[in-house]
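The values are calculated or read from the model by the stated rules, or taken from the named source; none is laboratory data. Nothing here was measured: the structure is a model prediction, and the numbers come from that model. As a convention, Cβ positions derive from the backbone with ideal geometry for all residues, glycine included, and neighbour counts pool all protein chains shown. Just the protein is used for accessible areas: all its heavy atoms, side chains included, with ligands, DNA and RNA removed. Shrake-Rupley method; radii C 1.70, N 1.55, O 1.52, S 1.80 Å.
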Amino acid sequence: MGRRLIAANWKMHGNREFTRRLLADLTAELTRPGACLDNGVEVAIMPPSLLLADCRRGLEKSSLALHGLTLFLGVQNLARWSEGAYTGEISAAMAADQGCRFAIIGHSERRQLMGEDDQAISEKVAQCLASGLKPILCVGETLQEREDGQAFSRVTAQLQQALTQVNPDQWQQVVIAYEPVWAIGTGVSASAEDAQAVHRHIRVTLAALGAPAQEMAVIYGGSVKPETAKQLFAQPDIDGGLIGGASLDANSFASICRAC
Ligand code: PEP
């Protein structure tokens, strides 16, 4: 088991009022007596980038710090370049300047809808690491690939291609999110046993790449709900979750954090 992390991917949801309310409700949920949040668990919120400043102010004003809790911020994507004439893009350094600690890289929605390829993903991982951000690298197979018995080989290829630019002293900053494409936003999670098998395979692959695989966080994403979280997080190689839909509800997200 590596470091534990629960990360909220709001995707393209929310506005300033939603942010204010969600953070207030989440603070109340996480700080109520008996909330039992294990302080070995890191929690990160990835809102749309336009809401980062509101999120940061909301967290600063909250009573989380008084309870010894820190919620980190992150972005859902960033540019493959460091700076320049790239209209509409946001650099890793800009995200770090906004107080971000994490960045989701290579989410399947970006691979499928925005045509992101492995070369771009590898460059984005390198940009994150150069700016002190922790990349949450998403890998996972489609339903067709799973049915064809290619889940492991797909994940291996994605890891090999995305991690070519990681230096030996940067491995501990890298988080891997196993997100089977067929489980994202469908309400159908991978079973704890199937997810565990792929997570084990991810650690074996990371070790073969020279990474300290046992010390790295490998988290699961794909329709995690409060009811399924406990069983998933009880697996020896599942260190937490990347949470989409359920992160938009303070109650559900706090329950998932507690399950970790
Ligand atoms: C995601 O988008 O990363 C995700 C896991 O979404 P959901 O939890 O809604 O399946």
Exercise for review: Can you tell me the relative contact order of segment 205-260? Whole percent, Cα pairs under 8 Å, sequence separation 6 or more.
Suggested key: 36 percent
Review point. Restricting to segment 4-259, what percent of DSSP beta bridges are antiparallel, rounded to 5?
Key: 0 percent
Revision key, fill the gap. Projected onto the charge dipole of segment 1-77 (unit charges on the beta-carbon of Lys, Arg, Asp and Glu, signs +1, +1, -1, -1), the Cα from GLY40, PHE18, SER62 with the largest positive-side position is that of PHE18
Point to revise | Cα Rg, Dmax (largest Cα-Cα span) when computed across the chain, Å | key: 17.2, 51
Check your understanding: Along each of its three principal axes, how wide is the spread of alpha-carbon positions in segment 8-56, in whole angstrom units, largest first?
Key -> 33, 20, 16
Check your understanding: Taking the Cα-to-Cβ direction at ALA65 and at THR186 and moving 7 Å from each Cα, how far apart do the two end points lie in nm?
Key -> 4.3 nm
Point to revise | 4 °C / 1.567 mPa s Stokes-Einstein diffusion coefficient of segment 1-115, Kirkwood radius on C-alpha pairs, µm²/s | key: 84 µm²/s
Practice item. List the equivalent ellipsoid semi-axes of segment 73-189 in whole Å, largest first, each obtained as the square root of 5λ for an eigenvalue λ of the Cα gyration tensor. Key: 25, 15, 13
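Could you give the size of the charge dipole of the chain about its Cα centre, using +1 on the Cβ of each K and R and -1 on the Cβ of each D and E, expressed in debye and rounded to the nearest 20?
Computed about the Cα centre, the dipole is about 660 debye.
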Check your understanding: What's the Kirkwood radius of segment 142-225 in Å, using all Cα pairs?
Key -> 13.4 Å
**Study point:** Projected label distance in nm at ALA130 and ASP97, using a 7 Å step from Cα toward the beta-carbon
**Key:** 1.6 nm
Study note, to complete from the structure: As straight-line cross-link partners of LYS230, the qualifying aspartates and glutamates (C-alpha separation under 20 Å, not fewer than 8 residues apart within one chain) are GLU29, ASP38, GLU42, GLU179, GLU193, ASP194, ASP239, ASP249
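Specify the longest stretch of the chain that does not include any exposed loop site, a site being one of the chymotrypsin sites (Phe, Trp or Tyr not before Pro) with a non-H, G, I, E, B DSSP assignment and at most 16 other Cβ atoms within 10 Å. Intermediate values should be presented prior to the final figure.
On the way: sites that count: TRP81, TYR86.
The segment 87-260 is the longest one with no such site.
Give me the net charge for the shell around ARG16: Cβ to Cβ below 11 angstrom, other residues only, Lys and Arg +1, Asp and Glu -1. Could the numbers behind the result be given before it?
Numbers: positive: ARG20, ARG21, ARG57; negative: GLU17, ASP54.
Neighbour charge sum, excluding ARG16 itself: +1.
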Study note, to complete from the structure: For CYS55, the net charge from surrounding residues (Cβ-Cβ under 15 Å; K, R +1; D, E -1) works out to +3
Practice item. Pick out which of ARG16, ARG101, ARG200 has the largest mean-square fluctuation in a Gaussian network model of the chain, springs linking Cα atoms closer than 10 Å. Key: ARG16
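Return the loop-located GluC sites (Glu not before Pro) in segment 1-90 (DSSP other than H, G, I, E, B) with at most 12 other Cβ atoms within 10 Å of their own Cβ; answer none if there are none.
Values: sites: GLU17, GLU29, GLU42, GLU60, GLU83, GLU89; in loops: GLU83, GLU89.
Those satisfying the criteria are GLU83.
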**Study point:** Accessible-area value, LEU73, 1.4 Å probe, nucleic acids and ligands omitted, Å²
**Key:** 10 Å²
Practice item. For the chain, set up a Gaussian network in which alpha carbons nearer than 10 Å are linked by springs, and say which option among LEU209, LEU113, LEU133 fluctuates the most. Key: LEU113
Point to revise | Residue of ALA246, ALA207, ALA229 that the Gaussian network model of the chain assigns the largest fluctuation, springs spanning Cα pairs under 10 Å | key: ALA207
**Study point:** Cross-link reach list, lysines versus LYS11, counting only Cα pairs under 23 Å and skipping chain neighbours closer than eight places
**Key:** LYS124, LYS134, LYS225
